[in-house]
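Visitor: This is the structure I want to talk about, given as structure tokens.
Laboratory data are not the source of any read-out in this text; all were calculated from the coordinates shown. Computed from a predicted structure; not experimentally measured. Virtual Cβ from ideal backbone geometry, glycine too; neighbours counted across all protein chains shown.
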Amino acid sequence: MDFENSDDWDASFDSFFSHFEPLFKRSESRGCARDYIRGLLADVKRKNCWQIAEVMGVDDPQAMQRLLYEAQWDDGMARQQLRAVTRHKLGYQPGVGVIDESGFVKKGEQSVGVKRQWCGRLGKVENCQVGVFLGYVTPFGSAFLDCQLYLPQSWCEDEARRQAARVPAAIRFQTKPELAVGMLQQAWSEGISMQWVVGDTVYGNSPTLRNAIAASGRYYVMEIPATNLIHPITDAEALAAQTLAQQLPDIAWERMAFELGEKGLCFYDWAAARVVAPTDEIGEQWLLIRRSVGEKTTCKYALSNAPADTPLAELATIALARHPIEHLLEEAKSEAGLADYEVRHWHSWYRHITLSLLAHTWLSLIRHEQRQKKPITLLDEFQSA
């Protein structure tokens with residue numbers, strides 16, 4: 001479809017939203033959800049209920065506030081339907097699941113899950129909420145699949161705060177990697193084609209998460225800290241990943257470029273060695289190392305349970321699949337109002353974030369529909385992000 005006028009945009013949105021209409025039983029909430037999603041994509045500074053209502057020509061924002069607080073609809077079912085749409089449009093058997101998190105800076109202490117904690121977006125400790133996200137990368141495009149709000153242990157143990165924020169009684173403390181396991185297992189149970197899973201050190205440093213991925217019959221390329229202990233298969237003595245990298249001979253390294261920068265191709269030196277991680281159940285696996293050219297001490301490390309005959313270039317390509325979700329998160333915040341909410345309750349957070357993911361996915365599908373129909377490589381998708 002070529003979008004030459006507003007009728008084309010309306011037709012595209014109607015087709016997309018038709019997948020979600022049955023989730024909203026009342027016509028008022030159904031129409032409000034349509035307006036809310038379209039308003040999230042409008043060119044306004046702050047995409048809260050007041051400004052969304054104004055830009056959509058609604059006199060009173062109360063209907064949109066009811067959509068987030070009181071209306072009868074299931075945000076979990078909406079995300080399940082979102083996964084079904086994404087699977088239909090972008091599904092690809094060796095698809096890559098990408099786990100990442102994003103901080104939402106907030107003032108005060110009443111917004112559910114807010115605490116002084118690490119905010120990756122700012123690169124420092126800040127008063128914020130943290131959402132854990134599952135993205136999906138294939139040669140046809142990238143999109144969000146799911147989200148979970150990280151509820152710190154101090155919140156889980158404070159019954160008064162839980163009740164004020166309407167945290168369901170069944171919710172118990174889970175680490176971020178445990179939240180990731182739940183999202184992955186849900187996506188797998190729904191038939192999402194996902195042969196690989198990638199994540200940064202927050203998630204890659206979790207043996208529980210790595211073992212869960214391996215137990216599912218899938219492969220991971222998960223970053224680990226330089227200080228993680230591993231056993232080279234030729235030596236029973238454990239050593240840090242960074243020490244092994246320093247001991248590799250020059251012939252073990254291969255210079256490859258997978259990304260375009262402002263000055264052209266971005267080259268890195270890559271190497272891989274077979275190791276055993278003492279915390280894992282799978283035995284022998286890969287240690288993948290990426291080293292900056294000319295800086296032998298500047299390295300990134302990842303473990304992978306991929307087969308022993310997996311080419312180095314394939315491991316490197318999969319490792320870089322983490323980058324598109326960083327772009328998705330920034331784009332969703334700037335274009336689809338992901339961070340522009342003013343809600344305090346558990347279910348309201350999920351409702352706003354879910355509607356924002358729907359808005360962003362519609363944009364993503366439009367973008368991919370306009371691309372050439374022929375399949376492209378994962379590398380092309382990284383560069384487009």
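Visitor: From the list R166, R162, which one is free of Cβ contacts under 8 Å to residues at least 24 places away in the same chain, under 23 Å from A339 (Cα atoms) and either not in a strand (DSSP E or B) or not β-branched (V, I, T) (or both)?
Guide: The conditions single out R162.
Visitor: Are any residues in the stretch 249-297 exposed (fewer than 12 other Cβ atoms within 10 Å of the Cβ), within 21 Å of L320 (Cβ to Cβ) and either small (G, A, S) or under 28 Å from the mean Cα position of the chain (by Cα) (or both), and if so, which ones?
Guide: G261, E262, G264, L265, G294
Visitor: Let me ask another. Need at least 1 residues that are within 22 Å of V202 (Cα to Cα) and touching a helix residue (DSSP H, G or I) at 6+ places or on another chain (Cβ under 6 Å) per element, so show me which strands (runs of 3 or more DSSP E) inside the stretch 244-326 make the cut, counting only ones lying wholly within it.
Guide: Ranges flagged: 264-276, 284-292, 299-304.
Visitor: Right, something else. Kindly establish whether A212 is touching a residue at least 24 places away in the same chain (Cβ under 8 Å), under 31 Å from the mean Cα position of the chain (by Cα), over 16 Å from V275 (Cα atoms) and buried (at least 19 other Cβ atoms within 10 Å of the Cβ). Reasoning before the result, please.
Guide: Working: touching a residue at least 24 places away in the same chain (Cβ under 8 Å): yes; under 31 Å from the mean Cα position of the chain (by Cα): yes; over 16 Å from V275 (Cα atoms): yes; buried (at least 19 other Cβ atoms within 10 Å of the Cβ): yes.
When the stated conditions are applied, A212 passes them.
Visitor: Every residue in the stretch 212-242 that is more than 28 Å from R121 (Cα to Cα) and in a helix (DSSP H, G or I), please.
Guide: A214, A215
Visitor: Any chance the stretch 237-248 includes a residue that's in contact (Cβ under 8 Å) with a residue 40 or more places away in the chain, in contact with a Cys (Cβ under 7 Å, 6 or more places away or on another chain) and either among the hydrophobic types (A, V, I, L, M, F, W, C) or crowded, with 18+ Cβ neighbours inside 10 Å (or both)?
Guide: There is at least one residue in the stretch 237-248 that is in contact (Cβ under 8 Å) with a residue 40 or more places away in the chain, in contact with a Cys (Cβ under 7 Å, 6 or more places away or on another chain) and either among the hydrophobic types (A, V, I, L, M, F, W, C) or crowded, with 18+ Cβ neighbours inside 10 Å (or both).
Visitor: Being assigned to a helix (DSSP H, G or I), farther than 30 Å from F104 by Cβ and free of Cβ contacts under 8 Å to residues at least 12 places away in the same chain, is that true of even one residue in the stretch 331-346?
Guide: Quick first cut of the stretch 331-346, residues assigned to a helix (DSSP H, G or I) only: 331-335, 346.
Retained after the next criterion (residues that are farther than 30 Å from F104 by Cβ): none.
Checked against the condition, which is being assigned to a helix (DSSP H, G or I), farther than 30 Å from F104 by Cβ and free of Cβ contacts under 8 Å to residues at least 12 places away in the same chain, the stretch 331-346 yields no hits at all.
Visitor: To continue, here is another question. Sort out which residues of the stretch 84-94 are not small (G, A, S) and not in a loop (DSSP other than H, G, I, E, B), and write them in order of number.
Guide: Let us first name the residues in the stretch 84-94 that are not small (G, A, S), namely 85-90, 92-94.
Hits for the stretch 84-94 are V85, T86, R87, H88, K89, L90.
Visitor: Tell me which residues, restricted to the stretch 354-373, are within 11 Å of L40 (Cβ to Cβ), out of contact with any Asp or Glu (no Cβ under 7 Å at 6 or more places or on another chain) and of a type in the set (A, V, I, L, M).
Guide: Across the stretch 354-373, the qualifying residues are L355, L357, L358, A359.
Visitor: Enumerate the pairs (first residue in the stretch 98-109 and among the basic types (K, R); second residue anywhere and surrounded by 13 or more Cβ atoms within 10 Å (Cβ to Cβ)) with beta-carbon separation below 8 Å, excluding pairs fewer than 6 apart on the same chain, so at least 6 apart or on different chains.
Guide: The qualifying pairs are K106/V114; K106/N127; K106/C128; K106/Q129; K107/N127.
Visitor: Scan the stretch 179-199 for residues that are surrounded by fewer than 20 Cβ atoms within 10 Å (Cβ to Cβ) and under 19 Å from A319 (Cβ atoms) and jot them down.
Guide: Q195
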